[in-house]
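Just so it is clear, none of the values below were taken in a lab; they were calculated from the coordinates. This one's a predicted model, so the numbers in the text were calculated from it and none came from an experiment. Note: ideal-geometry Cβ built from the backbone for every residue, glycine included; neighbour counts use all protein chains shown.
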Amino acid sequence: MDELISLGLPTVAGLTVPVADAESLTDPDLAMAAVELLQQLAGRRLAHGERPMLVRLTASAPVPVAGLPPDLPVVGLAPHNRDAVMKVIARDRVLHEVWGTMLRSIGEHGLGVAGAAMDDLMFDVTDPCEQVPALLELIAAEAQAPFPDDPAGQLAVAARAMLARWQTPRAKRARRTQKLPADLPLALHVQALVLGPWDLSGFGTATSRDPETGAFRPTGTFYRGVRRSAPRPPRPEDLSAVPGGAGLLESALLTLEQHFAAPAALDFELRDGELALLSARPERAAGLAAVRLAVDLVNAGARAERAAVRQVRPADVQELLHPQLRLTGTETELVRGLPASAGAACGEMVLSSDAAVSRAAEGVPVVLVATETTPADLPGLLASAGVITAAGGLASHAAVVARGVGVPAVCGAGGLRIDAASGTATAGDRTLCEGDMVALDGRTGAVYTGQVEISAARPPRELETVLGWADTLRKLGVRANADTGRDARTAVELGAEGIGLCRTEHQFLGERLPLIRRVILAADPEAERRALDALAEAQREDFRELLRGTGSRPVTVRLLDAPMHEFLPAPGRAGDAEAEERAEELREANPMLGVRGVRLALLHDRLYPAQAEALFGAWLDVRAEGVEPELEVMIPLVSLPEELTAAARQVRAAAEAVAARAGIDVSAVPYRIGSMVETPRAALLAGELARTAQFLSFGTNDLTQLTYGFSRDDVERRVLEPYVAGGLLAASPFERLDADGVGALIEIAVQRARAVRPDIKLGLCGEHGGDPASIELCDRLGLDYVSCSPGRVPVARLAAAQATC
Ligand code: PEP
Ligand code: MG
């Protein structure tokens, strides 16, 4: 009330008796003083004249609590002024209902009359106009004194009733169940209830934002007449029915929004055509409303851009950019997994990549359900509306690829058992057959059976405005992880300043897998050369597309990091006996710790030169089209500085060979060489790496895996979920960057690398690059940029700005 008055908004005349003094209102002398004061404030006499005034007693608590005693709305109404009041509002029955309900409450809690006796009476005498005199008689008999007929006397017993009702064992129990103190105090508001003709009276609630569009539009309900409860609550009408129009409500809501910097909600009443606010509160802004409000507040001069950027939650942005399930509460949840890729999907369940491709080709939306996915499943993944895996964590193959291509995904839904032979997926006692409808929510990790409606993503115009402000505030650069021209274009459209990671092995997923397999399994140098030529040719085209999609921006191309198990053929599928034997030889007990990344390249020393030549060749091709990206060639999974120097030598030689063939000086090809920091040893030796590397990029998926010794592929469900549930961990370190361990390694690396090469560029390209809390840590650690999947770029832009303000 104080705030409403100081904002100059219309309120009812009234006074507040604070918690410390609430008891005093039960003293008739002090109640008399309150009534005097109220008459002065309202400029009217209570219960007198042609426009009589009554008193409403209302309770409030210091914290939000359910179960406050209901208002006592017509204090001061008595047989001697009844006719004058009736004449004004001309609704006998309604007024008597309200009066009777109030007498019933005061009788029980203020005067000790048995509630059951009054209930019996009200059951027997059904006409409210007859109930009131009968109740007054019963109360007088039971309380051995007539019910007071003066406003002050009534106010004192009403206050006593309200405070006593607050102290009943039932009310205390209700507070305990809300985890609130049983002795929570109560303040009382004594308000002037100005009476007026029915048509010019009413009450209601209004909020400032349209729930559908989030735009400023007062929305709410208006009830004509006087406030009353069951059995016959009034019929709600739209705000447009408010006599005199909703203009005043609109300006009150605007004032309140600017005051709260949040959507406003208010309770109001209208008496005799006069509008008064009874209460107001800020509401949590979400989704569209959050973004639109932030921009409206800046445009109105009520907030600075910085404050607007601070007030939009990254989760809201994420929600606006992706389709969402329209849940009705009646859906059947099949299982829950990890929210691995944002958005929502619904479609026919398919259990293989091939089935996904063929059903999707018939125009049927499908959801690919698998125990886990492998590089061979890419075509199915791209054809699907969504992906669900039973195994696999947030940094597993399915999760990383789905995020990269913007397909909603739930991973690690451990309760799901897939039986490809019978074409079924089972969770608990429910079994779905291929072709049954299934829906997934990539925001919560929930999977539902049956058809669920989907609402399309609707980023409003204002989102770009907020993100534009964020761009001016943030220190961290934001790039994207993109493997194809299509992904790069999406990333740039969403505001990426470049590509922070192109995983070249991702260019060989699906049907192009044999191109890598042939290199790995080559029987002799000649076969390897032919395999490499084919790989390089395919790659040159891919790189051209990638560079065109990125335009004249920096592009970090990571040379091949192909964990063996993802790229070797399944046993018995290598083709011939010799290849089978070589594949068997190459199988490893710990492929993530085996012949990966730079290690494979140093064992096949034509591999990186072939890739690098394809890249430089593609650069020359697009330069001819007027695009001049800044190339950054990155070496993966380094743990020895010597690995980096050896690989860097290969890359430099490739650049020189390409330049020589093109007849240009190699200095005309703008490229840098850098290293991923994915092993703890690389972090600790970052100073040494910086002697060769012109940039470092923290691959925090592997760095987390290797720092904790947690498998990124399947530890989530088995270990991390129980750890989080048991309070051992606050969140999965694959989702939120671990500040104490992994963060400490990064801090050491940053300091050691900069000591050797002060202008070294430092980025992060693990999945943490799209997580707001991790982005904040990256800002604190002084990195130059983060790189995340294209769909998370807007979130990262906002989070990077919020890290600074
Ligand atoms: C990483 O390890 O963080 C990384 C970006 O590389 P990948 O996920 O491809 O192993
Ligand atoms: Mg890695």
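With angles folded into 0 to 90 degrees, how steeply does helix 92-111 sit against the dominant principal axis of the chain? Use alpha carbons for both and round to 10.
In the chain, helix 92-111 runs at an angle near 90 degrees to the longest axis.
Show which lysines lie in cross-link reach of LYS475 when reach means a straight Cα distance below 29 angstrom and same-chain residues fewer than eight apart are skipped.
Of all the lysines, those that pass the test against LYS475 - Cα under 29 Å, at least 8 places apart if same chain - are LYS761.
Please compute the modelled spin-label separation between ASP759 and THR126, points set 7 Å along Cα→Cβ, answer in nm with one decimal.
Placing both labels 7 Å beyond Cα along the Cβ direction yields 9.2 nm.
With the convex hull built on the Cα atoms of the chain, state its orientation-averaged projected area in nm².
41.3
Roughly how many nanometres apart are two label points built 7 Å out from the Cα toward the Cβ at ALA241 and HIS80?
With each label placed 7 Å out from Cα toward Cβ, I get 3.8 nm.
Give me the percent of Cα-Cα pairs in segment 199-284 that sit more than 22 Å apart, rounded to a whole number.
Summing the P(r) of segment 199-284 above 22 Å gives 23 percent of all pairs.
Would you please give the FRET efficiency between LEU593 and GLU212, computed as 1/(1 + (r/R0)^6) with r the Cβ-Cβ distance and R0 = 56 Å, to the nearest 0.05?
According to the calculation, E is roughly 0.60.
When Lys and Arg each count +1 and Asp and Glu each count -1, what net charge do the other residues less than 12 Å away from ALA360, Cβ to Cβ, add up to?
My count for the surroundings of ALA360 gives -2.
Answer rounded, prolate or oblate for segment 474-802, using the Cα gyration tensor with square roots of eigenvalues a ≥ b ≥ c: rounded when a/c is under 1.5, else prolate when a/b is larger than b/c, else oblate.
Numbers: a/c = 1.61, a/b = 1.16, b/c = 1.39.
Since a/c reaches 1.5 but b/c is at least a/b, the shape of segment 474-802 is classed as oblate.
Can you tell which of PRO459, GLY445, ALA491 lies farthest toward the positive end of the dipole of segment 443-498, using +1 and -1 charges on the Cβ of basic and acidic side chains (Lys, Arg; Asp, Glu)?
After comparing all options, I get GLY445.
How many nm separate the modelled label positions at LEU327 and THR177, each set 7 Å beyond the Cα in the direction of the Cβ?
Spacing of the two 7 Å Cα→Cβ label points: 2.3 nm.
Using the Cα centre as the reference, give the magnitude of the dipole from point charges on the C-beta atoms of segment 323-455 (Lys, Arg: +1; Asp, Glu: -1; all else neutral), rounded to the nearest 20 debye.
That gives a dipole near 360 debye.
With the contact rule set at Cα under 8 Å and sequence spacing of 6 or more, what percent relative contact order holds for the chain?
10
Using Cβ contacts closer than 10 Å as the measure, can you line up LYS172, LYS761, LYS179 from fewest to most?
On the way: LYS172 16, LYS761 20, LYS179 6.
Listed from fewest to most nearby Cβ atoms, that is LYS179, LYS172, LYS761.
Assuming 0.36 nm per residue, please report the length gained on full extension of the stretch ILE748 to ASP92 beyond their Cα-Cα distance.
228.1 nm
For segment 323-455, what does the relative contact order come out to in percent, with C-alpha contacts under 8 Å and a separation of six or more?
Values: 377 pairs, mean separation 49.1, N = 133.
37 percent.
So what's the convex hull volume per residue for the Cα atoms of segment 447-494, in Å³?
157
If neighbour count is taken as other Cβ atoms inside 10 Å, put GLU493, GLU348 in order from fewest to most.
Listed from fewest to most nearby Cβ atoms, that is GLU493, GLU348.
Once Lys and Arg get +1 and Asp and Glu get -1 on their Cβ, which of HIS604, GLY551, GLY392 lies farthest toward the positive end of the dipole of the chain?
GLY551
If you take the beta carbon distance between ARG573 and THR371 as r and set R0 to 22 Å, what does 1/(1 + (r/R0)^6) give as a FRET efficiency, to the nearest 0.05?
Calculated value: 0.75.
May I ask you to list the aspartates and glutamates whose Cα is less than 16 Å away from that of LYS87, ignoring any residue fewer than eight positions away on the same chain?
GLU50, ASP199, ASP272
Looking at segment 323-455, what % of the alpha carbon pairs are farther apart than 26 Å? Don't skip to the end; give the middle numbers.
Numbers: 696 of 8778 pairs.
That tail contains 8 percent of the Cα-Cα pairs.
Place a +1 charge on the Cβ of each Lys and Arg in the chain and a -1 charge on the Cβ of each Asp and Glu, then give the dipole magnitude about the Cα centre in debye, rounded to the nearest 20.
With Lys and Arg at +1 and Asp and Glu at -1, about 1220 debye.
Taking only Cα atoms, what is the 0 to 90° angle, nearest 10, from helix 525-550's long axis to the longest principal axis of the chain?
Once rounded, the angle reads 40 degrees.
If R0 is 45 Å, what FRET efficiency do you get for ASP419 and ALA456 from their C-beta distance, rounded to 0.05?
It comes to 0.85.
Please give the length that would be gained between ALA140 and SER24 if that part of the chain were fully extended, namely 0.36 nm times their separation in residues minus their C-alpha to C-alpha distance (nm, one decimal). If you can, show how the numbers build up before the last one.
Numbers: separation 116, 0.36 × 116 = 41.76 nm, distance 2.40 nm.
Contour length minus the Cα-Cα distance gives 39.4 nm.
Debye sum, Cα scatterers, segment 233-372, no solvent: what log₁₀ I/I(0) at q = 0.14, 0.22 1/Å?
-0.87, -1.32
So if each residue of separation counts as 0.36 nm, and I subtract the Cα-Cα distance between VAL65 and LEU728, what length gain in nm does that give? Please report the intermediate quantities before stating the final value.
On the way: separation 663, 0.36 × 663 = 238.68 nm, distance 3.24 nm.
Result for the pair: 235.4 nm of gain on full extension.
Report the equivalent ellipsoid semi-axes for segment 601-755 in whole Å, largest first, defined as the square roots of five times the eigenvalues of the gyration tensor built from alpha carbon atoms. Intermediate results must be reported in sequence, preceding the final value.
Numbers: eigenvalues 267, 53, 40 Å².
Listed largest to smallest, the semi-axes of segment 601-755 are 37, 16, 14 Å.
Within segment 408-423, name every residue whose backbone N is under 17 Å away from a label modeled 7 Å from Cα of THR431 along the Cβ vector.
416-423
Ranking TYR785, TYR723 by Cβ neighbours within 10 Å, fewest first, what do you get? Numbers along the way, then the final one.
Details: TYR785 26, TYR723 18.
Ranking TYR785, TYR723 by Cβ neighbours within 10 Å, fewest first, gives TYR723, TYR785.
Binning every alpha carbon pair distance of segment 2-195 at 10 Å from zero, what are the percents per bin?
9, 34, 36, 18, 2
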